[in-house]
Amino acid sequence: MTNPPPSSAHCLAVILAAGEGTRMKSARPKVLHEVAGRSMLAHVLAGVAQAGAGRLAVVVGPDRADVSAEVRRLAPDAQVFEQRERLGTAHAALCARPALAQGCDELLVVFADTPLIRPDTYAALRAALREGASVAVLGFEARDPTGYGRLLREGAELVAIREHKDASAAERAVTLCNAGVMAIAGAQALALLERVGNDNAQKEFYLTDVVALARAAGDKAVVVLAPEDEVMGVNDRVQLASAEAAMQTRLREAAMRAGVTMIAPQTVFLSWDTQLARDVLIEPHVFFGPGVSVGEGAVIHASSHLAQASVGPGATIGPFARLRPGARIGASAKIGNFVEIKAADIGEGAAVSHLTYLGDATVGARANIGAGTITCNYDGFDKFRTHIGAGAFIGSNSALVAPVTIGDGAYVGSGSVVTQSVAPDSLAIARGRQVEKPGWAQDFRRSHEGKPRQRP
């Protein structure tokens, strides 16, 4: 990442999060929809903070307590302002007037529905101000510029932003387009925003007018370039899916360059905070929810699902395994096919090979859990914990009714329902005694000779 400006440069970021998002067809505000397991608003707040913004102000729509709550959860020191009327982007920025009036060296005006912009890019906008510009506008070369505002330059300077509908034929041929994000020198920021007028067909106050106002005052405006995919805005579910795809590509590439092997990267889905150590191997069709870390040399087999879980070095997971929140898998442990782990600690070298559910449990090192074993951890009102000692052996098709402790080195016979704790190195058998009746089957068949068989 680009080094942030020195701490003496006080940067205020105003995040505009007041868009209605009606095209999302959702009861949830647009900016709270998630990309890679994190809200778009959260991506933007984190990005400007990483770029060195020391103060944050967020402008939300009317009666959006849910958005305000998300801001306060993510950035408790941020100021929140409300835009009651939809009067344009410059008007939205001025809704944060109290924050602007406190002064700053640099102002970033950004949008909460552009989750892919990197901290480096925000930092580059700030750097442009330190190099003498009063206004720095984020631009991109569009594959199809139709509908975008064009950035018109003379040499290295930006002279105007022309909306598509107002552009001449020659200007419409320009492919350098406006991404909307802007940095303004702090000394001029509030005055420039206050001078923006609404002399246009929509009678709205446009942030883009700041460029012309700055140049009219003899100040310099410049363009900072970013890739088109990075400045993608999200207005509907189709664009949300496109943003997700772009973020997943970014996350996969970063993981692989850091030493992770993905056999079919396009089928692996990562969260924004997934931590994968070097030499991790990920097979196809694996999903990582938020809060997952995987240690060095671990293998995640195909079609597994992990969320809020940790996997130790050298462990193997799956195929078709599910690690739910609170699953902690020790080094070299094995979690096999069709195994579900929830709020459980699996010790080093332990094996839970197949067809098992362990919830609210502790499993000691090198314990072996047979197929079909379950911990009965919930009685309809409360959760209880099961403790399985180091080196214990749990036979197949056993039910451990919590709260219960299986001692170190103990054995539980297959098919047992264990309701009492088992001492270390003991054998527990908790099942009905088998009874055999010689010749019974033969007598049964003879008693039914000549009778037609009903279809099963």
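Filtering Ala246, Ala142, Ala255, Ala183 for residues that are outside the structural domain of Leu107 (by TED's automatic domain parsing) and touching a helix residue (DSSP H, G or I) at 6+ places or on another chain (Cβ under 7 Å) leaves a single hit, Ala246.
Among the candidates Ala309, Ala216, single out the residue that is assigned by TED's automatic domain parsing to the domain that holds Leu151 and either among the small types (Gly, Ala, Ser) or crowded, with 16+ Cβ neighbours inside 10 Å (or both). Break it down stepwise before answering.
Details: Ala309 fails: assigned by TED's automatic domain parsing to the domain that holds Leu151.
Just one listed residue meets the conditions, Ala216.
Total residues in the stretch 116-163 satisfying the condition of being in contact with a Lys or Arg (Cβ under 7 Å, 6 or more places away or on another chain) and over 30 Å from Ala46 (Cβ atoms): the figure is 5. Taking the stretch 237-250 as the range and being exposed (fewer than 15 other Cβ atoms within 10 Å of the Cβ) and in contact (Cβ under 8 Å) with a residue 60 or more places away in the chain as the test, only Arg237 passes.
Having 1 or more residues that are within 26 Å of Arg38 (Cα to Cα), at pLDDT 95 or above and of a type outside the set (Ser, Thr, Tyr) is the bar; report the helices (runs of 4 or more DSSP H) wholly within the stretch 172-263 that clear it.
Values: elements: 186-195, 209-216, 237-257.
Those helices (runs of 4 or more DSSP H) span 237-257.
So if I check each of Ala99, Ala133, which one is farther than 23 Å from Arg38 by Cβ, small (Gly, Ala, Ser) and outside any loop (DSSP other than H, G, I, E, B)?
On the way: Ala133 fails: outside any loop (DSSP other than H, G, I, E, B).
The unique qualifying residue is Ala99.
Residues in the stretch 197-231 that are closer than 20 Å to Thr114 by Cβ, in contact with a Ser or Thr (Cβ under 7 Å, 6 or more places away or on another chain) and of a type outside the set (A, V, I, L, M): 2 in all. Tell me whether the stretch 424-438 contains one or more residues that are in the same structural domain as Ala321 (by TED's automatic domain parsing) and touching a residue at least 40 places away in the same chain (Cβ under 8 Å). Checked against the condition, which is being in the same structural domain as Ala321 (by TED's automatic domain parsing) and touching a residue at least 40 places away in the same chain (Cβ under 8 Å), the stretch 424-438 yields no hits at all.
Quick check on my filter: what residues within the stretch 295-327 are part of a strand (DSSP E or B) and within 20 Å of the chain's Cα centre (by Cα)? If the condition is that a residue be part of a strand (DSSP E or B) and within 20 Å of the chain's Cα centre (by Cα), then Ile300, His305, Leu306, Ala309, Ser310, Val311, Arg322, Leu323, Ala327 are the ones that fit.
The values are calculated or read from the model by the stated rules, or taken from the named source; none is laboratory data. Every value quoted in this text rests on a predicted model; they were computed, and no experiment measured them. Quick reminder, even Gly has a Cβ in these numbers, built from the backbone with ideal geometry, and neighbours come from all protein chains shown.
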